[in-house]
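I have placed the structure first, in the form of structure tokens, so that the comments after it can refer back to it.
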Amino acid sequence: MESRARTGWPLRGLGLKVLNLDQEIRYYQRLGLRLLDSGEEHAVLGFTDQPILQLRRLLGGRPRPHRAAGLYHFALLLPDARRLGQFLWRCAELGIPLDGASDHLVSQALYLSDPEGNGIEVYADRPPEQWTWRGDQVAMAVDPLDLEALMEDGPGKLEEFPADSRLGHMHLTVGDLDRSVDFYSELGMDLTAGFGPFKFVSWDRYHHHLGINLLSGPGAERLSEDVAGLEYFQVSRPELEPGSFVDPDGVRLEITGWL
């Protein structure tokens, strides 16, 4: 699966291993993604005709252990706060539960989980000229989000994710923060923020294309092939040769051709 959308954006898509494929398809369609392809063992969903999420049935698989590394959430970036407000209306009207909501200064974010516990963030960035940089570090926070104001800014239900949505960032739970930062720095990413058990890295002074945390504890168990959850995510950068790599916690990166 490779998306043609978001020319110049480094994150192109991801794949999840799932235990109940039909249930997962229904959830993501309800969330607002469009089903683009499906079969007995897989499905592809996306923004209009642009693939972003591949689901693969994991036969004989097991749920992810509590102290294992893997997906914390994947983040779907909407074009603006108006569409984020409309997405919130969609959740309210369809009874889609939220896990939380935060104002991160650089963005406004809603948090959800699919039926198998895979974390999802749906967010909208504030304009980059409103971000506060101190040298190479950007100011971020976890402040309460004004949901009423957000819904007032975006009246009416979002019918589906628009074509100019993006896979905004990935957020992983890892076993060693410094080890992970070192690995992703080799791919050209820079450290942009860090607090508590969290660190954030990105290309081109975006607030973060990747978050990493220690919420499963130091030394979290490496990803296993028979465990449901994140299978891979796709990256495209002009300086990176296409190929497949595995990070120190067993997460597979697919480097695709630059578009």
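The values are calculated or read from the model by the stated rules, or taken from the named source; none is laboratory data. It should be emphasised that the depicted structure is a prediction, and the values quoted were computed from it without experimental measurement. Virtual Cβ from ideal backbone geometry, glycine too; neighbours counted across all protein chains shown. Heads up: the accessible areas ignore ligands, DNA and RNA and are worked out on the full protein's heavy atoms, side chains in. Shrake-Rupley method; radii C 1.70, N 1.55, O 1.52, S 1.80 Å.
Below, the figures for the structure above:
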{"item": "Apportionment of accessible area to carbon and sulfur, region 20-110, percent (1.4 Å)", "result": "48"}
{"item": "Over region 101-259, relative contact order from alpha-carbon pairs under 8 Å, at least 6 apart, %", "result": "16"}
{"item": "Per-residue HN-Hα couplings for region 207-221 [Karplus 6.51, -1.76, 1.60; θ = phi - 60°; Hz; x = Gly/Pro]", "result": "4, 5, 9, 8, x, 9, 8, 10, 6, 8, x, x, x, 3, 4"}
{"item": "Region 101-185, accessible area per residue, ligands and nucleic acids excluded (1.4 Å, Å²)", "result": "44"}
{"item": "Selection of GluC sites (Glu not before Pro), region 189-259, meeting DSSP coil and at most 12 other Cβ within 10 Å", "result": "225, 239"}
{"item": "Global size of region 35-79 as Cα Rg and Dmax, reported in angstrom", "result": "13.6, 39"}
{"item": "Sparse-neighbour loop sites [trypsin sites (Lys or Arg not before Pro); region 165-223; at most 14 other C-beta within 10 Å; DSSP]", "result": "205"}
{"item": "Computed magnitude of the charge dipole of the chain (debye, nearest 20; Cβ of K, R +1, Cβ of D, E -1)", "result": "200"}
{"item": "Anisotropy class of region 32-122 from Cα gyration tensor, a/c 1.5 cut", "result": "oblate"}
{"item": "Residues residue 96 and residue 146, FRET efficiency given R0 of 30 Å [Cβ-Cβ distance, rounded to 0.05]", "result": "0.95"}
{"item": "Kirkwood hydrodynamic radius of region 137-197, Cα pairs, Å", "result": "15.6"}
{"item": "Label-to-label distance, nm, for residues given as residue 157 and residue 49 (7 Å Cα→Cβ offset)", "result": "2.6"}
{"item": "For the chain: rounded, prolate or oblate by the Cα gyration tensor [a/c cutoff 1.5]", "result": "rounded"}
{"item": "Modelled FRET efficiency - R0 30 Å, residue 205 with residue 23, Cβ distances, 0.05 increments", "result": "0.15"}
